[in-house]
Amino acid sequence: MSAPPTADSYGASAPPYSAFDNMPGYEGTLSGGGGGFLPPPMPSFPSPSPQPEPSQPHWTIPSISEETARDALALFASSKCCYSKAPVKDGVISSMEAFNTYRYRLETFTESRSTEWSQKPYNGEPVDAFTQQPPGPWDIVAQAPTFFKDSKQVIKVPYTSSLKQCHDCLGMGRSPCKTCSGAGNKVCWVCNGSGFRHGEDRCHHCNGRGRDNCAQCNGHGSKICSTCNGKRQLLACINLTIKWTNNSSDYVVEQSSGLLLENLNKVTGKELFNDSRYLVYPVMGFPDPNVVSAAERLIREHQTEYSQTSRILQQRQTIELIPITKVNYRWKGKTHVYFVYGNEFKVNADNYPATCCCAVM
Ligand SMILES: [Zn+2]
Ligand SMILES: [Zn+2]
Ligand SMILES: [Zn+2]
């Protein structure tokens, strides 16, 4: 004979999987997340439309003036609390070289869908499971997302709501108080259960009972079940989670200025090309072949990777020209170098000669 189940024989939160109905079209859905991932149905690719070749960008290399270079360094020095401005004031720029480079960026905006069972205290909502076949997970209409912005929507799948007896309290609506083990009272802490203090005096705290009402359950010995909120029943339904994700990859053409590539992550460049459509095609005829082959590779990678796990909604490819100027200057008989880069005229001066103003005074 097996013992009847008690409230403690189940885990505190999730009911066993078998407690849920096997919902047609949602058989793999589990409770508590995981396992509910839904590969999209075969996408209907549009027939590739001939793409007009990106117009040959007409650009000039934005070279910066000595004044801009000097101002940028002054701003940089003043942003560091202890840097001296002397090299900016007294240094003499000897040469400026342009090492402008390209950044190719591919963004693939995807939608993915997953389902999981959820449950909440029953409050009289309609119970509609099995009254109709639920719509397929990819047939449910979601809000229109903003392209290239991450967001998320959770939708209750229609015709999946059903009632369950609460697994935590076995439908009692209450569960035993853990503090007093269900007794409703505890040994009086003042008289230690004797009912008396100092010999003959009756304990005023418990009026001589020797026991004290449990404050946690107000003496009831049980508490309202927190899982069903005392409703005895739970409403179970399938939730569909829709996630929109912008997946972005960059390729920056190597340059030999000495400025590390990661510095360029923080700046913008001049946009030469911007192409946004359902599925982009690799750029053709761009002057730098490195950009062309990076575009081919990244587009192949993105379309393979993201069409399997999600639905691609839109892609965008951009090419920026990032200005990099290497500035050589002399100060106190020595030659020093700094870089000015990006539309923001950001400065990199790792070897700034006067990093402590007190030392050069
Ligand atoms: Zn007492
Ligand atoms: Zn209690
Ligand atoms: Zn309950």
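The values are calculated or read from the model by the stated rules, or taken from the named source; none is laboratory data. Just so you know, these numbers come straight off a predicted model, no measurement behind them. Ideal geometry is used to build each Cβ from the backbone, glycine not excepted, and the neighbour counts take in all protein chains shown.
Please indicate, with yes or no, whether at least one residue in segment 297-309 is modelled with pLDDT under 90 and hydroxyl-bearing (S, T, Y).
Yes, because at least one residue in segment 297-309 is modelled with pLDDT under 90 and hydroxyl-bearing (S, T, Y).
Before we move on, is R316 out of contact with any Pro (no Cβ under 8 Å at 6 or more places or on another chain) and closer than 24 Å to K149 by Cα?
yes
If I ask for residues that are crowded, with 19+ Cβ neighbours inside 10 Å, away from ligand 3 (no atom under 15 Å from the Cβ) and closer than 25 Å to K186 by Cβ, which ones from segment 214-242 would you list?
Matches in segment 214-242: C214, C217.
Is it the case, given these coordinates, that E97 is over 21 Å from A236 (Cα atoms) and either in contact with a His (Cβ under 6 Å, 6 or more places away or on another chain) or at pLDDT 95 or above (or both)?
The answer is no for E97.
Taking segment 150-172 on its own, how many of its residues are outside any loop (DSSP other than H, G, I, E, B) and within 16 Å of ligand 3 (Cβ to nearest atom)?
The number of residues fulfilling the criteria is 3.
Mind checking which residues of segment 167-183 are more than 16 Å from ligand 1 (Cβ to nearest atom) and not charged (D, E, K, R)?
H167, C169, L170, G171, M172, G173, S175, P176, C177, T179, S181, G182
Looking at I140 and the list (1) surrounded by 14 or more Cβ atoms within 10 Å (Cβ to Cβ); (2) within 16 Å of ligand 2 (Cβ to nearest atom); (3) hydrophobic (A, V, I, L, M, F, W, C); (4) farther than 30 Å from G230 by Cα, which single condition is not satisfied?
Here I140 meets the rest and fails (2).
So which of S181, S175 ends up being within 16 Å of ligand 2 (Cβ to nearest atom) and not in a loop (DSSP other than H, G, I, E, B)?
Criteria check complete, one pass: S175.
Between a first residue in segment 177-200 that is of a type in the set (D, E, K, R) and a second residue that is surrounded by 16 or more Cβ atoms within 10 Å (Cβ to Cβ), which pairs have beta carbons less than 6 Å apart while being 6 or more apart in sequence or on different chains?
Every condition considered, the pairs that remain are K186/C180; K186/D212; K186/C214; R197/C191; R197/C203.
Has segment 70-78 got any residue that is assigned to a helix (DSSP H, G or I), at pLDDT 80 or above and among the aromatic types (F, W, Y)?
Yes, some residue in segment 70-78 is assigned to a helix (DSSP H, G or I), at pLDDT 80 or above and among the aromatic types (F, W, Y).
Of all residues being among the aromatic types (F, W, Y) and not in a loop (DSSP other than H, G, I, E, B) in segment 108-146, which is modelled with the highest pLDDT? Just the residue, please.
Filtering segment 108-146 for residues that are among the aromatic types (F, W, Y) and not in a loop (DSSP other than H, G, I, E, B), the one modelled with the highest pLDDT comes out as F109.
For the list (1) of a type in the set (S, T, Y); (2) surrounded by 14 or more Cβ atoms within 10 Å (Cβ to Cβ); (3) more than 30 Å from D350 (Cα to Cα), I need the number of the one condition that T131 fails.
Going through the list (1) of a type in the set (S, T, Y); (2) surrounded by 14 or more Cβ atoms within 10 Å (Cβ to Cβ); (3) more than 30 Å from D350 (Cα to Cα), T131 breaks only (2).
Give the number of residues within segment 166-197 that are within 22 Å of T227 (Cα to Cα) and crowded, with 16+ Cβ neighbours inside 10 Å.
13
Any chance segment 80-92 includes a residue that's away from ligand 1 (no atom under 16 Å from the Cβ), surrounded by fewer than 14 Cβ atoms within 10 Å (Cβ to Cβ) and part of a strand (DSSP E or B)?
The answer is yes, given that some residue of segment 80-92 is away from ligand 1 (no atom under 16 Å from the Cβ), surrounded by fewer than 14 Cβ atoms within 10 Å (Cβ to Cβ) and part of a strand (DSSP E or B).
Would you check if N207 is free of Cβ contacts under 8 Å to residues at least 12 places away in the same chain, away from ligand 3 (no atom under 16 Å from the Cβ) and under 14 Å from R174 (Cβ atoms)?
no
Only residues that are free of Cβ contacts under 8 Å to residues at least 40 places away in the same chain and over 30 Å from R277 (Cα atoms): list them for segment 106-139, please.
Those that are free of Cβ contacts under 8 Å to residues at least 40 places away in the same chain and over 30 Å from R277 (Cα atoms): G124, P126, D128, T131, Q132.
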